[in-house]
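What follows is calculated from the coordinates using simple rules that are stated; it is not laboratory data. Just so we're clear, the structure is a prediction, and the values are computed from it rather than from any experiment. Here the Cβ is made from the backbone with ideal geometry for all residues, glycine too, and neighbour counts use every protein chain on show.
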Amino acid sequence: MARMRFDFDQTKKPELTLTFIRRILNYFKPHTLKLVFVILLILATSALGLVPSLLLQKIVDKALPQHDLTQLSILIGLSISATILLNLLQVAQGYLSTWIAKNITLEMKNNLYRHLTFLPQSFFTTVKEGEILTRLTSDVDGIQQVFQTTFINALSSIFILATTLFALFSMSPILAAVALVTVPLFILPTRKVGKKRWQIASASQTALSRLNQHTQETLNTSGSTLMKLFTKEDESFQTFDQINQEVTALQIKESLAGRWFRMAMSVLMAIGPMLIYLVGGFLLAKGQLTIGGIITFASLLGRLYNPVTQLSNIQVDLMRSFALFERIFEYLDITPEIKNSPTAKELVIQEGEITFENVDFRYEENEVLKNINLHISSGETLALVGLSGAGKSTLTHLLTRLYDPTHGVALIDGQDIKDVTFTSLRQNIGVVSQETFLFNGTIRDNLMYANEQATNEDLIAATKAAYIHDFIMTLPKGYDTVVGNRGIKLSGGEKQRIAIARIILKNPQILILDEATSALDAISEYYVQKAMDNLMQNRTSIVIAHRLSTIANADQIAVMEQGRIVEQGNHHQLVSQAGLYAKLYQTQFKDKEVAA
Ligand SMILES: Nc1ncnc2c1ncn2[C@@H]1O[C@H](COP(=O)(O)OP(=O)(O)O)[C@@H](O)[C@H]1O
Ligand SMILES: [Mg+2]
């Protein structure tokens with residue numbers, strides 16, 4: 001199976017296929033009725049926009065010269081009513097389109113988040129820090145803007161243009177042609193400037209995300225510790241400053257781009273009506289047009305120029321929005337590498353027996369496990385021993401299905417773990433590793449995460465068994481103490497024992513203890529070990545440890561070397577074999593025992 005890459009190229013242009021477009025439209029589908037309404041409203045407002053100009057002709061040609069004040073009042077009344085109605089309809093249109101846009105983004109964010117929660121571990125180890133957040137927030141929000149500006153603007157531009165052209169040509173084809181002559185003068189430079197601005201905008205977007213990434217990397221719990229200890233504050237700041245300058249320069253450039261162009265546009269916009277008056281004057285002299293006609297014409301010019309400039313940028317805007325959609329689809333298209341099989345059943349645990357049969361595994365090209373065969377009977381303990389990098393942790397990842405074997409099967413109570421649901425599998429396995437995952441909440445919150453139904457008694461029983469209750473009680477706020485980001489406010493041993501209490505609350509039949517004590521001092525280790533002994537009672541356990549008593553008491557020991565099991569048996573058997581285990585025993589485990 002081909003492995004995926006998650007470092008996407010951000011600059012490539014989206015490919016517009018039918019499926020891609022259809023996929024975008026799918027998000028709009030549930031809102032079809034509202035969309036139709038929006039389109040009708042846009043149609044109505046663009047037609048209504050013509051009314052005041054057309055009434056102007058009557059005012060100038062009839063009401064004013066004839067001194068007909070009644071007619072004048074009626075015409076002005078109509079004109080004002082049309083303007084009010086138009087603005088009311090625009091409010092309704094704005095409300096509806098905001099509603100649609102917000103609901104589509106809501107749906108997209110939910111979809112994306114839900115999808116991300118199921119992505120393989122390899123995704124999270126590869127993706128750039130901050131990238132997920134960017135896509136989930138600003139990219140999706142970008143799409144909302146796109147809908148509200150690009151889509152709505154384009155539609156209303158088209159309608160305004162169509163209605164205006166119709167009005168112009170029916171009034172005077174010659175003058176309409178004159179008005180159109182100036183249009184290319186707008187289109188060409190607009191497109192050029194639009195393209196340039198887009199390039200600058202993408203460059204500044206990239207720089208901005210680099211700035212965010214640098215901030216995220218340096219200003220978090222571990223990042224800031226690292227920075228302080230290596231006294232890299234100045235260097236970090238210099239990097240920040242440099243990117244920040246880059247961002248600012250690009251942003252200034254972006255807002256300045258097209259300044260000259262805008263100036264030229266203003267001049268053109270002012271010249272347009274003059275041309276109309278000039279040519280209109282000739283037509284007036286020939287009796288082909290009235291004064292009111294000329295004035296109306298001139299006043300309609302704005303309705304010609306504005307939509308044209310809007311539409312000449314449409315291609316860039318569309319590309320931009322497609323790029324956003326593509327960035328989001330890119331994430332949605334990463335298949336959860338391992339999925340619930342459609343026929344997945346609940347894992348039924350009776351004994352908690354674990355079997356690995358001919359298991360191979362590789363990360364990308366790196367072959368890590370080779371032909372692993374193991375059997376752990378109910379309630380027994382298997383100790384995995386081997387040098388760092390031998391593949392011990394990886395083997396346990398296969399059992400929780402953070403990864404799936406590339407070959408072979410893992411079974412629990414005779415059930416292939418690929419055929420059971422993730423929920424039922426992971427609910428039955430408790431993992432305590434060197435790295436404890438506490439989130440920034442209270443101790444109680446962290447414990448209850450394992451079992452929301454746990455009563456206060458359950459909680460205390462668990463913390464007592466984990467030898468952490470007494471410590472918690474010494475804290476001024478007890479169980480309501482906030483532990484800080486990743487539990488930074490607690491010592492390693494304290495965190496570890498809270499993690500163990502959490503597993504006791506979860507009460508799984510199968511346990512994985514991966515070097516849970518290796519980062520601890522002798523005293524903490526002693527308590528954590530006692531906590532783990534309580535935890536391991538009556539559970540099937542896989543233990544990765546360097547402490548002799550843990551290993552020696554295990555029902556069986558598997559010694560791993562470069563992804564293979566090279567020796568297997570109990571402590572006495574293995575010591576007498578005088579192989580790798582015996583060597584490890586002499587050099588590593590023995591003196592540990594003295595410390596404990
Ligand atoms: N997420 C990963 N991606 C790629 N390679 C990995 C990953 N995790 C571990 N490895 C590699 O797999 C090998 C076994 O690692 P691991 O199972 O953690 O060993 P152990 O727990 O025995 O120290 C090592 O060579 C390590 O570099
Ligand atoms: Mg390991």
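The table below lists the values:
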item: Proximal aspartates and glutamates to K530, defined as alpha-carbon separation beneath 15 angstrom and excluding residues fewer than eight positions away on the same chain; result: D470, E494, E515, D521, E593
item: Percent of Cα pairs exceeding the 18 Å cut-off, where the set is the range 43-127; result: 66
item: Amide proton proximity set for E567, modelled H, under 5 Å, gap of 5+; result: V559
item: Cross-link reach list, lysines versus K392, counting only Cα pairs under 19 Å and skipping chain neighbours closer than eight places; result: K370, K583
item: Mean Cα-pair separation over length for the range 31-332, i.e. relative contact order, pairs under 8 Å, 6 or more apart, %; result: 32
item: Cα-derived Rg over Rh, computed across the range 1-151 with Rh taken as Kirkwood radius; result: 1.25
item: Ranked R262, R362, criterion: other C-beta atoms within 10 Å, fewest first; result: R262, R362
item: Rg(Cα)/(2.2 N^0.38 Å) for the range 31-332, N = residue count; result: 1.36
item: Backbone HN-Hα couplings from phi across the range 380-397 [Karplus 6.51/-1.76/1.60, Hz, Gly and Pro as x]; result: 8, 10, 10, 9, 9, 10, x, 5, 4, x, 6, x, 5, 5, 4, 4, 6, 4
item: Nearest-0.05 FRET efficiency for L54 and I174, computed from C-beta distance (R0 22 Å); result: 0.70
item: Mean ellipticity per residue at 222 nm, deg cm²/dmol - from DSSP H runs of n ≥ 4 across the chain, formula -39500 (n - 2.57); result: -19000 deg cm²/dmol
item: The range 472-512-the range 545-589 distance, computed between alpha-carbon centres (Å); result: 31
item: Rounded to 10°, Cα long-axis angle of helix 456-465 versus longest principal axis of the chain; result: 50
item: Label point distance in nm, N244-T481, each placed 7 Å from Cα along Cα→Cβ; result: 3.7
item: Out-of-range pairs (alpha-carbon distance over 21 Å; input K34/K102; K109/K253; K128/K495); result: K109/K253; K128/K495
item: Ranking of Y526, Y331 by count of other Cβ atoms within 10 Å, fewest first; result: Y526, Y331
item: Potential lengthening between S576 and L33 on full extension [0.36 nm per residue; Cα-Cα distance subtracted]; result: 187.5 nm
item: Convex hull volume of the chain per residue (C-alpha atoms, cubic angstrom); result: 214
item: Summed side-chain charge close to L324 - residues other than L324 whose Cβ falls under 12 Å, Lys, Arg +1, Asp, Glu -1; result: -2
item: Paramagnetic reach from K102 (point 7 Å along Cα→Cβ, amide N under 12 Å) across the range 32-49; result: none
item: FRET efficiency, N507 to Q251 (Cβ-Cβ, R0 45 Å, nearest 0.05); result: 0.25
item: Gain in span if fully extended, K196 to D333, counting 0.36 nm per residue against the direct Cα distance; result: 46.2 nm
item: In degrees, nearest ten, helix 69-117 long axis to first principal axis of the chain (Cα); result: 20
item: Likely footprinting exposure, M532, M319, M274, fewest C-beta neighbours within 10 Å first; result: M274, M319, M532
item: Estimated FRET transfer efficiency when R0 is 30 angstrom, pair K228-Q121 (beta carbons, to 0.05); result: 0.50
item: Chain lengthening between A285 and T421 when straightened (0.36 nm per residue, less Cα-Cα); result: 40.3 nm
item: Alpha carbon centroid spacing (whole Å) that separates the range 249-311 from the range 75-128; result: 33
